[in-house]
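Nothing in this text is a laboratory measurement; each read-out follows from the coordinates by a stated rule. Computed from a prediction, not measured in an experiment: that's the story for all the values here. Don't worry about glycine lacking a Cβ; one is built from the backbone with ideal geometry, like all the others, and counts go over all protein chains shown.
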Amino acid sequence: MSNLSNKTDYKALSIMGTIVKIFERLHYLDKTKEDDMDATPAKNLLQGIIESNNYRVNYDRNNKKPIIKIKEL
């Protein structure tokens, strides 16, 4: 059961960011077309949740944070 609130916790977004990066590693592995068609939207949904909360997935290996706040101009 989820704890619903008005704002998604940073920790929840961080976990989603970690999962998105794990999904990226699937790109290099063999899988069926059907499995790829299921996995890709799942990754995109998680990435969309992160971005809708003004964060982005961090792929910089020198920075340990899984997500980074998007700076508004």
> According to the Cα gyration tensor, what semi-axes, each the square root of 5 times an eigenvalue, does the equivalent ellipsoid of the chain have, listed from largest to smallest in whole Å?
Replying inline: 23, 16, 11
> Mind checking the angle between helix 10-25 and the chain's longest principal axis? C-alpha axes, 0 to 90 degrees, to the nearest 10.
Replying inline: 20 degrees
>> With angles folded into 0 to 90 degrees, how steeply does helix 33-52 sit against the dominant principal axis of the chain? Use alpha carbons for both and round to 10.
In response: 10 degrees
> Can you list the chymotrypsin sites (Phe, Trp or Tyr not before Pro) in the chain that are in a DSSP coil and have 13 or fewer other beta carbons within 10 angstrom?
Replying inline: 59
> GNM, the chain, Cα, under 10 Å: largest mean-square fluctuation among 32, 18, 40?
Replying inline: 32
